[in-house]
Amino acid sequence: MLVRVQNEAALSGAERRLVEWLGSWVGSYALPGAAMVNCNVPGPNGTTRQVDAVVWSPHGCVVVEVKGFTRRQDGVLRIPLNGGWTVDGQPAALHTSGEANPVEQLRTNLYAVKNGLRSAGVDPGFVAGVVLLLPIRGARVELDHSMLPPGVDVVLASGQKPLRSYFHRLARHHPVWAADDVASAFTALDLTDFTPERDELLAHGFSDQVSREPRPRPAPAQPAPRVSTRATGPSPTPRRTGTGAPVPHRAPRTTAPPRVSPPPRAQRHPVGSTRRRSFDGGRTGRRHRPPSHRPDSPPAAARPRSGALRAVVITALILIALVVMLWLVFTVRATFHPTT
């Protein structure tokens, strides 16, 4: 990667480590791109803004905010949406100047770079932002990823591997920066004295020209048509288009014949028994079990019908009642009207 430094004497310890890492990405270990470290870019109302690093890759532009620790801290680094950063409940010992929140400082620098490019007629596209945190050598710090602020990335790098992984993920995007675009960006940010030559940019992975259109996404896979296995008969002959390629016919839909359910079996319940329902009835928690078959019970056709038996019993009771009434009538008559 091609590296330029505007004010090398003002580099902090963390920024020097960043310059060493980026400058070592050459040869078989190379990553395409160009970096401008510790530079001043135009700000609002004719002011300037100090930016730790701006990195151009063929796949995107990244504004980097570099923060080192002033002393060793071990633990879990938490970054709340509001409030200070902490390491295991203690304030994070970050090297900050005027702005205590590195995320807000990054966002301000990010807008300054984007506005500077647009004001000069350079289309920046999407400009990413990342806060690079460099702990003291030997410190064991872990990042709590569940509380990261939206819109920016935070990379905790005790070594250069996490930063390389970040740019490897950036390389998955469609190329959007050509060599001439990067040279125009240096000029737009008033960094003309540090603008790389076109041949240098081509040697560090940039191409002559790129298309700013996004990479086309593959069409979603269509589900395979459902073919009914109940269809019978020979399959139809496939049609052919004008190019001669056969076009398969759709399998005709077949409708299965309706199922005929057998009539419900009548179940007899003895007098005084309690009927239990299954889970569908909801009366009890026991499942309904069909009555077991009794081999010695007569078949259903040989059993007397309950209606006929009931009629015989009622007729007999009526006859008995009539006999009793006649007997009472004659008894009473004989008592009050005795024969002489």
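Near Val141, the amide H atoms lying under 5 Å from its own belong to Gly75; only residues 5 or more places off or on other chains count, and H is placed 1.01 Å from N.
Equivalent-ellipsoid semi-axes for the stretch 119-185 (Cα gyration tensor, √(5λ), whole Å, largest first): 29, 14, 12.
For the stretch 1-142, give me the percentage of DSSP beta bridges that are antiparallel, rounded to the nearest 5 percent. Don't jump to the answer; show the numbers that get you there.
Working: 18 of 32 bridges.
Counting DSSP beta bridges with both partners in the stretch 1-142, the antiparallel share is about 55 percent.
Label zone of Glu142 (point 7 Å out along Cα→Cβ, amide N under 20 Å): in the stretch 59-74 this covers 72-74.
The fewest-to-most ranking of Ser57, Ser119 by surrounding Cβ atoms within 10 Å reads Ser119, Ser57.
Values in this text are rule-based calculations from the coordinates and carry no lab data. Not measured: the values here are computed from a predicted model. Note: ideal-geometry Cβ built from the backbone for every residue, glycine included; neighbour counts use all protein chains shown.
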